[in-house]
Amino acid sequence: MCQLLGMNCATPTDITFSFRGFSQRAGITSDHCDGFGIAFFEDKACRLFVDNKSAIESPLAALVRDYPIKSRNVIAHIRKATQGKITLENSHPFVRELWGRHWVFAHNGDLHGFSPKLTGQFTPVGNTDSEYAFCYLLDQLVQQFGYTAPSILEIAQLIEKIAPTIAEHGTFNFCLSNGQALFSYATTKLHWLVRGYPFKPAQLIDLDVEVDFSVVTTPHDRVAVITTEPLTQNEVWTAFQPGQLIVFQDGQDVYQAQTHVERLKQEALNPFLKRITPADIY
C-alpha cells in the first residue's frame, strides 16, 4: 500500500526536511515507487505537484526536496499501487473545489466493493478507490451543509460519522485539508507529533540528516507532522488508534474522536484491544 505525509503549522513552514526522509521510501528504504504527489496550500488554493514516476526518480520530487516552499498545510503521498494503473490521473493527492476553496485528499489503503452512487458534482478522473472515496466524502459534505461553508468542528463531526462507513470496505487511512485545517483518519497505521518551542534537533530514520530546529525556528512556530511510519529516530511519535480521527489547526491537535470500526480489523492490530461500546464513542 501507499504512505502518507501531512504537515499543519502555526506559521508558514517548509517541509524539505521531512520530505527528504519520506521520499527515500520510494525506492531506497522501501518500495513505494508507483508515483508521488504533494500539495502546498496558500490560503484557499494549493500548488499541486504529481508524477507517475517515483519520488526518487522524479525531477519534481527533487525540486520539492531542494526548494523550501512554505505553507501552513501540506499533504504528500508516495504510491504503491493496489488499484488503478500507474498513471498521472491516479497519482495522489487529489484536488477538488468546494465552498470557494481547494480540498486535497490522499489515501493509504485498499477498499473493496465500495461503490455508492455519486451525485455527479464530484467525479473521479482516474480509476482508484481512493479518488472515488474522496468524491463521496465531498458529496456527503454538500448533502449535509449545502452551499454554505460549515465550521471546522461541523466538518470534523460529519467526517467522524462518514469515515467508519467507508472503512467497512477495507483499509482507510487518509489526510484531508481545505487549507484551514488538516483532517487525519486511520484504521490501521498513522503516526503524529507536534514540534514546538523549545525546539530540539531531529534525526531522520531513512537518511543520515539531522536538523537542529532550535536554530531555524522562532517561539511562534509550531508544526504538526502526520505520517504512516515515523520519520525521525530521536522524537516521540504517537500512533493513531484504529478508527481515530484527529484534526490539526495552527500546528496542534484541536479535535479527536474515536469512531467505531470493524471489530476484526482492530483485533488484527491488537488482540488485547477492548471492545468499543457506544459509551466509548464521542
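No value in this document is a laboratory result; all are computed from the given coordinates. Treat the numbers as computed from the prediction; the structure is a model and nothing was measured. Positions of Cβ are backbone-derived with ideal geometry, glycine not excepted, and every protein chain shown enters the neighbour counts.
Key figures for this structure:
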{"item": "Segment 1-144 - charge dipole about Cα centre, Lys and Arg +1 at Cβ, Asp and Glu -1, debye rounded to 20", "result": "200"}
{"item": "Under Karplus coefficients 6.51, -1.76 and 1.60, residue-wise ³J(HN,Hα) of segment 119-136 in Hz, glycine/proline x", "result": "6, x, 5, 10, 10, x, 8, x, 10, 9, 4, 5, 5, 4, 5, 4, 4, 5"}
{"item": "Shape category assigned to segment 138-223 from the gyration tensor of Cα positions, a/c cut at 1.5", "result": "oblate"}
{"item": "Cα gyration tensor of segment 3-280 - equivalent ellipsoid semi-axes, whole Å, descending", "result": "27, 21, 20"}
{"item": "Gyration tensor (alpha-carbon) shape descriptor, segment 30-185, a/c threshold 1.5", "result": "oblate"}
{"item": "Where labels lie 7 Å past Cα in the beta-carbon direction, separation of ILE28 and LYS70 in nm", "result": "2.6"}
{"item": "Over 25 Å (Cα to Cα) - which of LYS53/LYS200; LYS44/LYS70; LYS53/LYS161 fall in this group", "result": "LYS53/LYS200; LYS53/LYS161"}
{"item": "Distance between segment 168-228 and segment 7-59 - C-alpha centres, whole angstrom", "result": "13"}
{"item": "By average C-beta atoms within 10 angstrom, highest first, the peptides 217-224, 125-132", "result": "125-132, 217-224"}
{"item": "Cα gyration tensor, segment 37-105 - rounded (a/c under 1.5), prolate or oblate", "result": "oblate"}
{"item": "Spin-label model distance (nm) - LEU88 vs LEU207, 7 Å beyond Cα toward Cβ", "result": "2.5"}
{"item": "Label-to-label distance, nm, for residues given as GLN143 and HIS112 (7 Å Cα→Cβ offset)", "result": "2.5"}
{"item": "Residue-averaged 222 nm ellipticity for the chain, from DSSP H runs of 4+ at -39500 (n - 2.57), nearest 500", "result": "-6000 deg cm²/dmol"}
{"item": "Interchain or long-range residues, amide H under 5 Å from GLU42's placed H", "result": "ARG47"}
{"item": "Debye, to nearest 20: dipole size of the chain, +1 on Lys, Arg Cβ, -1 on Asp, Glu Cβ", "result": "260"}
{"item": "Phi to ³J(HN,Hα) by Karplus 6.51 cos²θ - 1.76 cosθ + 1.60 over segment 49-61, Hz, x for Gly, Pro", "result": "10, 9, 7, 8, 7, 5, 5, 8, 8, 6, x, 5, 5"}
